[in-house]
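Below is one structure, written out as structure tokens; comments come after it.
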Amino acid sequence: MRGNSTSVSVQASEFVWTAADFERIQSLIYQRAGINLHDGKHAMVYSRLSRRLRETGHASFHDYLGWLQNHDGPEWQEFVNALTTNLTSFFREHHHFEILAKYLKTRSVTGGWRIWCNAASTGEEPYSIAMTVMESLQARTAFQLVASDIDSKVLASAEKGVYRLESLKNVGEERLQRFFLRGTGANEGMVRVKPELRQAVQFVNVNLIKDGWPFQEPFDVVFCRNVMIYFDGATQRQVLQRIHRTMKPGGLLFAGHSENFSDSRDLFVLRGKTVYERL
């Protein structure tokens, strides 16, 4: 599109889009969610937030953002939902689940295992964790698995536990039979998690950069995968310190394949490929 000196080119022209709009959005999403949007995200942000303008009836980003800042209502959650990325799959980074299984089988805990997955997305990761735990413990030891996300819409999808059969290629036939129900008729090609698996996961909405995490007891295991890549260095350190406080000494922290916590050696020590032990 063409515009004045403050306009930025995007492949659409429904709404005026300026550098000032983008900088304002950068500031707001950083304040609300700690997400550090880099300058190469103009087209993505325009596309995702254009839907919010249409839904709320605003004619420009300037008007929408001004309205948003003056209303502390549900649209803030929609704003955050629109700008978060939820790429996930069952048993992604499979070595993590092998390490988790070994850890569960070779250690004992008092009062049951406590596990937190803090980027639940649409549920593939927490359900993968739950399957691993149920297979490893075989009902010998109780466990609690909490799965959180900042995005309320993906949590609602996770709670339903309905997936395309083709997305379960990493699950395997044995697990498919044990933990999922196949759809028939109009639902052919779809699967739903069995009640046993669904009831093993408690889904909650948690913003990692905000106070008031709803946890009373410390965790033995935390999955924090592909979360820190959205934060700047200072926010990463802040979140890691808070995660550290929610974990038991000797607990395991699982990170994403592109994440490195070497700057927090006073909190966590590397114990395997993107697996850290809480000091």
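The values are calculated or read from the model by the stated rules, or taken from the named source; none is laboratory data. Quantities reported herein were computed from a predicted structural model and do not represent experimental measurements. Cβ atoms come from the backbone with ideal geometry, glycine included; neighbour counts cover every protein chain shown.
Condition first: within 19 Å of V275 (Cβ to Cβ), touching a His at 6+ places or on another chain (Cβ under 6 Å) and of a type outside the set (D, E, K, R). Can you find one or more residues in segment 227-241 that meet it? Checking segment 227-241: not a single residue is within 19 Å of V275 (Cβ to Cβ), touching a His at 6+ places or on another chain (Cβ under 6 Å) and of a type outside the set (D, E, K, R).
One line per residue, one yes/no per condition, for (1) within 30 Å of P74 (Cβ to Cβ); (2) under 17 Å from the mean Cα position of the chain (by Cα):
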| position | (1), (2) |
| --- | --- |
| V146 | yes, yes |
| K153 | yes, yes |
| A158 | yes, yes |
| Y163 | yes, no |
| E166 | no, no |
| R175 | no, no |
| R178 | no, no |
| T184 | no, no |
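Listed by position, the strands (runs of 3 or more DSSP E) contained in segment 159-201 that have at least 2 residues being β-branched (V, I, T), assigned by TED's automatic domain parsing to the domain that holds A119 and surrounded by 11 or more Cβ atoms within 10 Å (Cβ to Cβ) are 190-193. Please specify each residue of segment 21-36 satisfying the condition of being of a type outside the set (D, E, K, R), under 11 Å from W76 (Cβ atoms) and buried (at least 17 other Cβ atoms within 10 Å of the Cβ). Result: L28, I29, A33.
Beta carbons closer than 8 Å, at least 6 apart along the sequence or on distinct chains, pair a first residue in segment 65-93 that is of a type in the set (G, A, S) with a second that is part of a helix (DSSP H, G or I) for A82/R48; A82/L49; A82/R51; A82/R52; S89/E124; S89/S167. Look at (1) at pLDDT 95 or above; (2) surrounded by 18 or more Cβ atoms within 10 Å (Cβ to Cβ) and you find that A156 fails only one, number (2). Scanning segment 99-127 for residues that are more than 22 Å from L208 (Cα to Cα), free of Cβ contacts under 8 Å to residues at least 40 places away in the same chain and under 21 Å from the mean Cα position of the chain (by Cα) gives no hits. State whether the residues of segment 204-224 include one that is buried (at least 20 other Cβ atoms within 10 Å of the Cβ), charged (D, E, K, R) and assigned by TED's automatic domain parsing to the domain that holds E124. Checking segment 204-224: at least one residue is buried (at least 20 other Cβ atoms within 10 Å of the Cβ), charged (D, E, K, R) and assigned by TED's automatic domain parsing to the domain that holds E124.
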